[in-house]
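To start, the structure under review is shown below, and the notes come after it.
Where a number appears in this text, it was derived from the coordinates with a stated rule and is not lab data. Model, not experiment: these values are computed from the prediction. Heads up, the Cβs are rebuilt from the backbone with ideal geometry, glycines too, and the neighbour counts pull from every protein chain shown.
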Amino acid sequence: MLNNPELRLRQGADRRLRHGHCWIYSNEIDTRHSPLGQFEPGDPVNVTAASGEVLASAYMEPNSLICARVVTRAPDRQFDVDHAAGRIRAALDLRERYYSDGCYRLLYGDSDGVSGIVADRYGNYLVVQLNTAGAEQYRDVLVEALVAELAPAGILLRADSRSRQEQGLESRVEVVYGEVPDTLELFENGVKFLAPAQRGQKTGWFYDHRENRARFSGQCRERRVLDVYSYIGGWGVQAAAAGAREVHCIDNSAPALEMVAENAALNQVGDRVTVHAGRADHVMRELADAGERFDAIVLDPPAFIQRKRDLGKGRKAYRRINELGLALLAPGGLLVSASCSMHLPEQDLVTAVSQAATRSACSLRLTHQGGQGADHPVHPAIPETRYLKALFCEREPADPMTAG
């Protein structure tokens, strides 16, 4: 006899789940048989087809469009310490096959079988996000499993994400195990950084661009570099450490730029890194008006598209920022145009860059299309888990027949 309550799907609503997806939407539920009002966030359920066949164990999000999230395909399971520890071990094994520095995204939601949960590792410290009301109910379970498997010095909970705010959940930042300093040390591509885990953006650092930053830095030696939306210098400081002649970092946050300077000094490249405070578009126009030109530019903005309905407006925003970038890019220069907007298809970013080039009367060659690293694995049945895009574009050199 099964112990978990039943969450029954409507006739024909089981196809996506059978094909590997991990979300159950409220409009897929047979609410006469399984009224959503009887459940609380985090409640374990057996998801069944209309026939009564058990398809998966899940936890409930009764007040959300995604009203349940799969825990495992086995019936009658719960997100307990044993299950969480097993998922952590599998995730850790994957990361350790790709990264040897102990710095990476350890848990990436559905792709690691822990829907609604994110955890980043900074050596002996962990920073965790619980992004749904249901996942919030398993905080103690997750912490116990993380301690058992990794024995960290401290675990920080960043319960202050945009998605939590949109769900009306409490916003807070707290140490839930051990002690966690205000800034955490990490290594990426051989470069040392300090990240503001307790007061910075999201979990303090963005591991997803690791491979893209390595590729970019490898092409920056002796070049003049512009890092737009630099945050704490992930792109710019690595470029300087790789031998860039000069690096300029733009960000609207004064505390972030203070950490750019700190991270540059940490790597003995402070004399080659300059910061510019202000809105990216304003500072870029000022640099262009002053006649500044750069050999390599990276545009890594925050998500311009938060919701699918914002797609049209977001496409224009990406085109405009790339136009500003091209106004500053010297002939023969490298432009990296990135997007973390899940709702923006990669081809739409390619189109935005192409339109920017046309409007800027220049020619580009797309040489590489980068994405997220192995610590952000893509779930093949959930396209939403593939969100990161980075286009590496070379600007055509000046035509010697028309120059001068």
From zero up to wherever the largest Cα-Cα distance of segment 343-386 sits, split into 10 Å bins and tell me the percent of pairs in each.
-> 22, 41, 25, 12, 0
Over segment 213-335, what number does the Rg to Rh ratio reach, with both radii from the alpha-carbon atoms and Rh per Kirkwood?
-> 0.98
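Rounded to the nearest 500, what is the 222 nm mean residue ellipticity of the chain from helices alone, with -39500 (n - 2.57) per DSSP H run of 4+ residues and division by all residues? Before the final figure, lay out each step's value.
Details: 11 runs with 114 residues, N = 404.
That comes out to -8500 deg cm²/dmol.
Which percent, to the nearest 5, of DSSP beta bridges fully inside the chain are antiparallel?
Restricted to the chain, the bridges split so that about 65 percent are antiparallel.
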Please give the helix 280-289 orientation as an angle from the longest Cα principal axis of the chain, in degrees from 0 to 90, rounded to the nearest 10.
-> 10
Could you please report the charge total around Ala13, scoring K, R as +1 and D, E as -1 over all other residues with beta-carbon less than 12 angstrom from its beta-carbon?
-> +2
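Counting pairs of alpha carbon atoms under 8 Å apart in space and at least six apart in sequence, what relative contact order in percent does segment 275-361 give? Show your work: numbers first, answer last.
On the way: 107 pairs, mean separation 32.4, N = 87.
Relative contact order comes out at 37 percent.
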What is the extension gain from His19 to Arg365, computed as 0.36 nm multiplied by their sequence separation minus the C-alpha to C-alpha distance, in nm to one decimal?
-> 120.8 nm
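Where does segment 31-171 land on Rg/Rh, using Cα atoms and the Kirkwood Rh?
Numbers: Rg = 15.8 Å, Rh = 15.8 Å.
Taking Rh as the inverse mean 1/r over Cα pairs, Rg/Rh reads 1.00.
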With the 8 Å Cα cutoff and a minimum separation of six or more residues, segment 6-72 has a relative contact order in percent of 37
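Considering only DSSP beta bridges with both partners in segment 185-395, what is the antiparallel share in %, to the nearest 5? Before the final figure, lay out each step's value.
On the way: 16 of 35 bridges.
Beta bridges within segment 185-395, antiparallel portion: roughly 45 percent.
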Using the scaling law 2.2 N^0.38 Å as the reference, what is the normalised Cα Rg of segment 185-395?
-> 0.96
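Once you list every other residue whose beta carbon is under 14 Å from the beta carbon of Tyr318, what net charge do they have if Lys and Arg are +1 and Asp and Glu are -1? Let's see the in-between values first.
Numbers: positive: Lys313, Arg315, Lys316, Arg319, Arg320, Arg359, Lys389; negative: Asp281, Asp300, Asp310, Glu323, Glu346, Asp348.
Summing Lys/Arg as +1 and Asp/Glu as -1 gives +1.
Per residue, what volume in Å³ does the convex hull of the Cα atoms of segment 6-72 enclose?
For segment 6-72, the hull spanned by Cα atoms encloses 68 Å³ per residue.
Below 8 Å, C-alpha to C-alpha, sequence gap of six or more: please give me the relative contact order for the chain in percent. Let's see the in-between values first.
Values: 865 pairs, mean separation 42.1, N = 404.
Answer for the chain is 10 percent.
Hey, with R₀ at 35 Å, roughly what FRET efficiency would Arg293 and Arg97 work out to, going by the Cβ-Cβ distance, to 0.05? Each step should come with its number before you reach the end.
Details: r = 42 Å, r/R0 = 1.20.
Result of the calculation: an efficiency of 0.25.
Over the chain, what number does the Rg to Rh ratio reach, with both radii from the alpha-carbon atoms and Rh per Kirkwood? Intermediate results must be reported in sequence, preceding the final value.
On the way: Rg = 23.1 Å, Rh = 22.7 Å.
Ratio of gyration radius to Kirkwood radius for the chain: 1.02.
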Between Arg73 and Gln11, what length comes free when the chain is fully extended (0.36 nm per residue of separation minus the Cα-Cα distance, one decimal in nm)?
-> 20.4 nm
Express in whole angstrom the spacing between the alpha-carbon centres of segment 313-339 and segment 143-208.
-> 31
Residue exposure sequence - Ile250, Ile382 - by fewest surrounding Cβ within 10 Å | Ile382, Ile250
